[in-house]
Amino acid sequence: MFKNLKKRLSSSFKKIINKGRLTEENIKDTIRDIRRALLEADVALSVVKDFIQNVKNKSIGHQINASLTPGQEFIKIIRNELIFIMGEKNNSLNLSIQPPAVILLIGLQGSGKTTSLAKLGQWIKNKYKKKILIVSTDIYRAAAIKQLQILSEQIEIDFFKSTINQQPIEITKQAMQYAQLKFYDVLLIDTAGRLHIDKNMMNEIHEIKKISKPIETILIVDSMMGQDAINMAKIFDNELLISGIILTKTDSDARSGVALSIRYITGKPIKFIGTGEKITSLEEFCPEKIADRILGMNDMISLIKEIEQKVDQSDIQKLTKKIKTGHNFNLNDFLTQIKQMQKIGGLNYFIDKFSSNSQLSNHTSLLNTDENTFKKVEAIISSMTPKERQQPIIIKGSRKRRIALGSGTKIQDVNKLLKNFDDIRRIMKKIKTSGISKVIRGIKNMLPKNF
């Protein structure tokens with residue numbers, strides 16, 4: 001959702017990056033472009049006005065850091081202001097109370113509330129190793145209870161059964177009693193959404209909140225709602241005093257204004273963002289990381305952290321040892337890495353992370369693929385002999401025909417795989433010859449200094 005804003009800001013910075021100093025005159029055009037970019041991104045007008053005024057005040061006559069150029073200093077000021085309007089620090093969940101810690105999820109119908117509850121349960125389970133119970137009080141939407149039950153089985157978290165014949169208050173009381181009796185650490189309560197805010201809806205959630213005494217009341221906000229999402233959040237907060245927000249569908253083409261406006265206007269932190277349909281696609285909201293993403297600075301670092309959390313570390317350690325000792329990177333290693341890549345969303349995930357990175361623009365043929373390609377790659381490599389996997393250089397005409405036939409693919413597919421593998425192997429050789437420290441320094445040199 002930040003792609004268009006990122007592109008517009010990158011274009012704006014070209015006008016200032018080589019200036020000798022920052023003056024009102026030479027930042028005027030850049031400031032105007034930034035204002036237009038923020039408004040086109042659907043950032044609230046009041047937020048844009050404050051943002052631009054703060055940037056002006058901090059830019060003109062500002063003492064330039066000795067290690068930065070004026071252009072870099074200006075980008076640093078923009079970055080700091082982005083962080084400020086989104087919230088200066090990450091706000092995680094408060095679970096430090098007498099169990100069960102109750103987390104109440106509220107929001108409009110269609111905002112992704114039920115799926116977000118399951119994602120949140122999975123996140124708490126993985127991070128804190130808590131014993132979790134989830135329950136649905138949505139007796140109005142067809143199959144809402146069944147949907148949550150299926151999701152609970154998928155993430156292997158206990159589900160408290162309820163039916164559409166019960167009342168939400170009754171379900172809440174029973175779930176609370178059960179959670180206490182069975183010594184659950186956390187109880188996640190899914191409430192009914194509506195197509196619009198109404199009095200009956202608010203009264204029902206008021207009663208559920210009164211009974212459950214949640215430590216967190218989290219509002220689920222659909223990022224595709226734009227400015228309407230901010231108005232809705234203000235109403236929910238006035239009525240129910242929310243403790244935070246989960247912003248969903250941030251992987252969509254929605255404009256990024258809601259992410260940049262909602263905390264500044266409501267004063268409530270965005271705690272998490274939904275980054276995809278997978279049950280693991282939930283991230284803690286980090287203003288610094290989002291600001292760096294908008295400015296095109298920190299995708300590589302955030303990606304490395306995500307890989308560390310989701311891939312099999314033993315496989316990575318084996319590959320690292322192999323590279324360090326000088327053994328050749330072969331097709332067995334390539335297949336292992338392909339499988340690991342699937343765990344973090346596939347190659348399209350990488351395309352989304354680096355789509356505006358000019359350094360990768362020449363490799364779109366390598367990256368631009370879909371999930372079916374993974375299966376095709378696995379089939380091709382599986383059709384090779386052990387010797388061919390170890391020494392791909394021996395794969396010539398007759399071998400290619402046999403492999404294509406055995407994998408149900410074409411010779412062109414085999415050629416493409418071998419070409420892609422050769423590209424990856426060259427990168428591996430560079431890491432081995434240059435050393436890890438030089439590679440790290442190279443990544444650091446791509447980022448603005450003193451950030």
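Values quoted throughout were computed directly from the atomic coordinates according to the rules given, and no laboratory measurement underlies them. Bear in mind the structure is a predicted one, so any value in this text is a computation, not a measurement. Note that we place each Cβ from the backbone using ideal geometry, even for glycine, and neighbour counts take in every protein chain shown.
Legend: ranking of residues Leu5, Leu417, Leu181 from fewest to most surrounding C-beta atoms inside 10 Å; resulting order Leu181, Leu417, Leu5.
Beta bridges assigned by DSSP with both partners in segment 101-285 are antiparallel in approximately 10 percent of cases. With a simple spin-label model that places each label point 7 Å from the Cα along the Cα-to-Cβ direction, the separation between Lys89 and Glu207 comes to 3.9 nm. Placing a pseudo-label 7 Å from each Cα along the Cα-to-Cβ vector at Ile97 and Gln391 gives an inter-label distance of 6.7 nm. Applying a threshold of 31 Å to the alpha-carbon distances of Lys56/Lys249; Lys89/Lys173; Lys130/Lys210; Lys387/Lys410 flags Lys56/Lys249; Lys89/Lys173 as lying beyond it. By the beta-carbon count within 10 Å of each Cβ, the least crowded to most crowded order of Glu153, Glu73, fewest first, is Glu153, Glu73.
Extending each Cα 7 Å along its Cβ direction at Arg426 and Glu25, get the distance between those two points in nm, one decimal. Here the answer is 4.8 nm between the modelled labels.
Counting neighbouring beta carbons within 10 Å and listing from fewest to most, the residues Ile245, Ile150, Ile338 come out as Ile150, Ile338, Ile245.
Seen from all directions on average, segment 101-285 presents a Cα convex hull projection of 9.4 nm².
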